[in-house]
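Enquirer: Here it is: the structure, laid out below.
The values are calculated or read from the model by the stated rules, or taken from the named source; none is laboratory data. Given the structure is predicted, the values throughout are model-derived calculations rather than measurements. Virtual Cβ from ideal backbone geometry, glycine too; neighbours counted across all protein chains shown.
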Amino acid sequence: MPDPKLYRLAFIAGVLSLAGSAGAAKWHHEVLGDALPKVVKIYGAGGVRGLEPYQSGFLISAEGHVLTSWSYVLDTDLVKVTLDDGRKYQGTLVGADPRMEIAVLKIDGSELPHFDLATARTAEAGTRVLALSNLFGVAMGEEPVSVQRGVVMARTRLDARRGAFETPYRGPVYVLDAMTNNPGAAGGDLVNYRGELLGLLGKELRNAQNGAWLNYAVPVSELKPSIEAILSGKGAPKDSEQQLAPKNAYNLQFLGLTLVPDVLDHTPPFIDDVRPNTAAARAGLRRDDLVIFIGDTLVNSVQSVHEVLSRTDRAEPMKWIVKRGQELVETVVESSEQ
């Protein structure tokens, strides 16, 4: 098997051959040599209806925090994270923000190369960029991830495309001329030609009206508040917390809800039925809604919904966030008992 170091040098040399000059080759070598070790490959759920079980991410702390896209790939207890040098870890979900479509994982590492979010930069139209990701899952072990060169075509807002591009995120994005919407690229990083972090590569996004694909990245400046909230524990899943159950706790029967049968180890919490004239019906919950958050707790399984409800007193209104089609819907569920 070829020496991984030689493979890496050959890979970088291939990218450098596109740079066009000796001067450009020098800084490309420095930028890629610094940026590639910070990108990780993530493997998790997939396989249903042709869904790919992999995506990209990048390290944001020396202790092993990984920023990535929030997606079905993370909907499993067995998320695997492979570093640039081939080391493999099990990733633990720290928390997620479905509105920003991001998640933070944690691996058991130390002194790892990482991007410092405090030094992230912004970009304007015309900025030359490099997009690093494991698109198509071509890097399985210690091979370097793919590098695409491109230009920021525009900085705009996705909410200006409501009805054309279906996505929960409606904020500013960098529109790119690089084909970053390929499977597996989501969660990769966008850097400028100095290797400074600019943004997180978005998911595959297609115009519902004309079929055109949008290549984009979300600026780090838009993501930082959510990342900080997750790292502080506000976005952390609390499925395993041991708390005393209140005397009058919520449950599905009381709410008037039925979830899909819990037949898997990690059954997604889709609503199967809502009975009329119940707390759930008054809150506007519907059949086929996917429950994402109850209060500040990320619920990623039928079992976790039961656990959260069992810890919540009926005297307390509950904020629910559900995914309805491609929209995130927020509502408040409360008891009529006073």
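Enquirer: Only strands (runs of 3 or more DSSP E) wholly contained in the range 65-169 count here; list those with 2 or more residues that are surrounded by fewer than 18 Cβ atoms within 10 Å (Cβ to Cβ).
Expert: On the way: elements: 65-69, 79-82, 88-97, 102-106, 128-133, 146-157.
Passing ranges, in order: 88-97, 146-157.
Enquirer: Only residues that are part of a strand (DSSP E or B) and more than 24 Å from ARG99 (Cα to Cα): list them for the range 258-292, please. Spell out how you get there, then give the answer.
Expert: So the first thing to find is which residues in the range 258-292 are part of a strand (DSSP E or B), and the list is 258-259, 270-274, 290-292.
Within the range 258-292, THR258, ASP273, VAL274 meet the criteria.
Enquirer: Filtering the range 186-208 down to residues that are in a loop (DSSP other than H, G, I, E, B) and under 19 Å from ALA96 (Cβ atoms), which residue is modelled with the lowest pLDDT?
Expert: Ranking the candidates gives LEU205 first.
Enquirer: Of the conditions (1) at negative phi; (2) at pLDDT below 90, GLY211 clears all except one; give me its number.
Expert: (1)
Enquirer: Now a separate question. When you go through (1) at pLDDT 90 or above; (2) surrounded by 13 or more Cβ atoms within 10 Å (Cβ to Cβ) one by one for HIS266, which number turns out not to apply?
Expert: Unmet condition: (1).
Enquirer: Let me confirm something: among ARG87, ARG121, which residue is over 21 Å from HIS266 (Cα atoms), assigned by TED's automatic domain parsing to the domain that holds ASN192, among the charged types (D, E, K, R) and free of Cβ contacts under 8 Å to residues at least 60 places away in the same chain?
Expert: Working: ARG121 fails: free of Cβ contacts under 8 Å to residues at least 60 places away in the same chain.
Of ARG87, ARG121, the one residue that is over 21 Å from HIS266 (Cα atoms), assigned by TED's automatic domain parsing to the domain that holds ASN192, among the charged types (D, E, K, R) and free of Cβ contacts under 8 Å to residues at least 60 places away in the same chain is ARG87.
Enquirer: Next question, about the same structure. Tally the residues that are outside any loop (DSSP other than H, G, I, E, B) and in contact with an Asp or Glu (Cβ under 7 Å, 6 or more places away or on another chain), restricting the search to the range 294-317. Break it down stepwise before answering.
Expert: Kept after step one, since they are outside any loop (DSSP other than H, G, I, E, B), are these residues of the range 294-317: 294, 297-298, 302-310, 313.
Filter once more, so that each one left must be in contact with an Asp or Glu (Cβ under 7 Å, 6 or more places away or on another chain): 302-304, 307.
Number of matching residues: 4.
Enquirer: Does any residue of the range 104-122 turn out to be more than 26 Å from LEU176 (Cβ to Cβ) and under 17 Å from the mean Cα position of the chain (by Cα)?
Expert: Initial filter on the range 104-122 (more than 26 Å from LEU176 (Cβ to Cβ)): 106-112.
The next check asks that each one be under 17 Å from the mean Cα position of the chain (by Cα); those that pass are 106-107.
Yes - at least one qualifying residue is present in the range 104-122.
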